[in-house]
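Encoded as structure tokens, the structure appears first; notes follow it.
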Amino acid sequence: MRERRRRWRTPADCSLIIVAWRCLTAHVRYRSVSGMSSSTTRGGRGRRPADRRTDLRRLRAALPSGTATVVDQYERHLTSERGLSAHTVRAYVGDVVSLLAFVHGTDATGQDASEPGVEAAGVEAAGVDAAGVGTGGVDIAGADAADGGPALAGLDLEALRAWLGSQRNDGRSRTTLARRAASARTFTAWAADRGLLAVDPGLRLAAPKAHRTLPGTLRPEQAGEVMRASAAGAQQEDPVALRDHAMVELLYATGIRVSELCALDVDDVDLGNRLARVLGKGDKERMVPFGVPADTALRRWLDLGRGAVATGASGPALFLGARGGRVDPRTVRRVVHDAVESVSAADMGPHGLRHSAATHLLEGGADLRSVQELLGHATLATTQLYTHVTVERLKAIHDRTHPRAQ
């Protein structure tokens, strides 16, 4: 017995014990701080690494004081004058911080400020240009950098091209490069309008065209399986499961964005008429209908689940998170991932449910304009990208209309 204890206490054995203990305690800590979910917490797939935001904060803090002032004013312009969402503002400002840090020689890579799967990064922001840039705001034309020079000294066409080139060499995708070029053009147009730049170098900046790839979709029968599995999980009336079921049903029923779902208040849902009032991009309000299954799931959540987790900090929020506050997009993404995975369907987040809903509406005969209004797209072109017509629908149209189909 004594010899056995000596073998167990070798350095290698002790190291193994320490590693195992650290892994166990790290897992427990992660579970304790993560959002409330009725399903097993997934790994970091689809989530942005924490060090990226840290890098951008570090780069922003390292900018010369005058340049940092310009960034602050630009951020207020995007938020107050253009009314962009917090997520879009974060992406645009992150691109500008990356650009200016590169110009000042503090960074040569430019960490991505956007999160995977966000529409601004993949589709709608990829075509953003300088149009619509306002002229209001505080006059900062006199802002100087710490060395006494202009705040945007060195920001010319050559610098813009070098910045994009460095990221291309680092393996950034065509979509990322296109989005960042668009962000840079918007910023330089704003800066030139305020006299911070003598000319707008972004007017001559070329960038690769973004690959407009469509997110995956569920087949109608797969979507039905996901909803049934979610409903089965809520049968025991656990508050978390009731919430998760209501969120998944409402996302698929309406096709709303994850940010729009999180922003819903109790009063935004009209159960009698099965309508939800949604505040979309640019503070544009729209009404979206939902069906009986979503109505049933919402009623059960409100009657049996919400009161059990609500606190004094809950306010009017429809869906609540771990501490009783408004649910966050990260929790919703995890819930959707787990719900889809439970039926062995392709990995998918809330945007996949949005795209599935739109595709199934088109397959059922809905016209493109109605789908555009339902999704809250500013232009029909975006709807055409998000709602492709399936091969099966094309074949059905051909069989029904072509004189030689039969």
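The values are calculated or read from the model by the stated rules, or taken from the named source; none is laboratory data. Just so we're clear, the structure is a prediction, and the values are computed from it rather than from any experiment. Here Cβ is always computed from backbone atoms with ideal geometry, including for glycine, and neighbour counts include all displayed protein chains.
Of all residues assigned to region 267-275, at least one qualifies as being touching a Phe, Trp or Tyr at 6+ places or on another chain (Cβ under 6 Å) and either within 22 Å of ALA229 (Cα to Cα) or outside any helix (DSSP H, G or I) (or both). Among all positions in region 79-98, there is at least one residue which is farther than 26 Å from ARG257 by Cα and either crowded, with 17+ Cβ neighbours inside 10 Å or in contact with a Gly (Cβ under 8 Å, 6 or more places away or on another chain) (or both).
Quick grid of which residues meet (1) at pLDDT below 90; (2) surrounded by 15 or more Cβ atoms within 10 Å (Cβ to Cβ); (3) part of a loop (DSSP other than H, G, I, E, B):
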position: GLY171; (1), (2), (3): yes, no, yes
position: THR176; (1), (2), (3): yes, yes, no
position: SER183; (1), (2), (3): no, yes, no
position: PHE187; (1), (2), (3): no, yes, no
position: ALA192; (1), (2), (3): no, yes, no
position: ALA210; (1), (2), (3): yes, yes, yes
position: GLN222; (1), (2), (3): no, yes, no
position: GLU225; (1), (2), (3): no, yes, no
position: SER230; (1), (2), (3): no, yes, no
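Criterion first (within 24 Å of LEU84 (Cβ to Cβ) and either modelled with pLDDT under 70 or out of contact with any strand residue (DSSP E or B) (no Cβ under 9 Å at 6 or more places or on another chain) (or both)) does GLY127 satisfy it? Taking the combined requirement at face value, the residue satisfies it. Filter region 309-319 down to the residues that are closer than 17 Å to GLU237 by Cα and either without any contact (Cβ under 8 Å) to a residue 40 or more places away in the chain or surrounded by fewer than 14 Cβ atoms within 10 Å (Cβ to Cβ) (or both) and list them by number. Answer for region 309-319, where residues must be closer than 17 Å to GLU237 by Cα and either without any contact (Cβ under 8 Å) to a residue 40 or more places away in the chain or surrounded by fewer than 14 Cβ atoms within 10 Å (Cβ to Cβ) (or both): just ALA310. Annotation for region 367-374: no member residue is assigned to a loop (DSSP other than H, G, I, E, B), in contact (Cβ under 8 Å) with a residue 12 or more places away in the chain, under 15 Å from GLU260 (Cα atoms) and not polar (S, T, N, Q).
Among the residues of region 289-307, the ones that are in a helix (DSSP H, G or I), without any contact (Cβ under 8 Å) to a residue 60 or more places away in the chain and touching a Ser or Thr at 6+ places or on another chain (Cβ under 9 Å) come to 1 in all. Of all residues in region 293-302, none satisfies being under 30 Å from ALA405 (Cβ atoms) and either assigned by TED's automatic domain parsing to the domain that holds ARG257 or surrounded by 13 or more Cβ atoms within 10 Å (Cβ to Cβ) (or both). Across region 276-288, the number of residues qualifying as outside any loop (DSSP other than H, G, I, E, B), surrounded by fewer than 15 Cβ atoms within 10 Å (Cβ to Cβ) and either touching a residue at least 60 places away in the same chain (Cβ under 8 Å) or of a type in the set (Val, Ile, Thr) (or both) comes to 2. What are the pairs with Cβ atoms under 7 angstrom where one residue, in region 180-207, is closer than 22 Å to LEU84 by Cα and the other, located anywhere, is polar (S, T, N, Q) and surrounded by 24 or more Cβ atoms within 10 Å (Cβ to Cβ)? Sequence gap at least six, or different chains. Taking only residues 6 or more apart or on different chains, the pairs are GLY202/THR188.
Regarding ALA232, is this residue in contact (Cβ under 8 Å) with a residue 40 or more places away in the chain and not hydroxyl-bearing (Ser, Thr, Tyr)?
Criteria not met by ALA232.
Residues in region 148-167 that are touching a residue at least 24 places away in the same chain (Cβ under 8 Å) and among the charged types (D, E, K, R): ASP156, ARG161.
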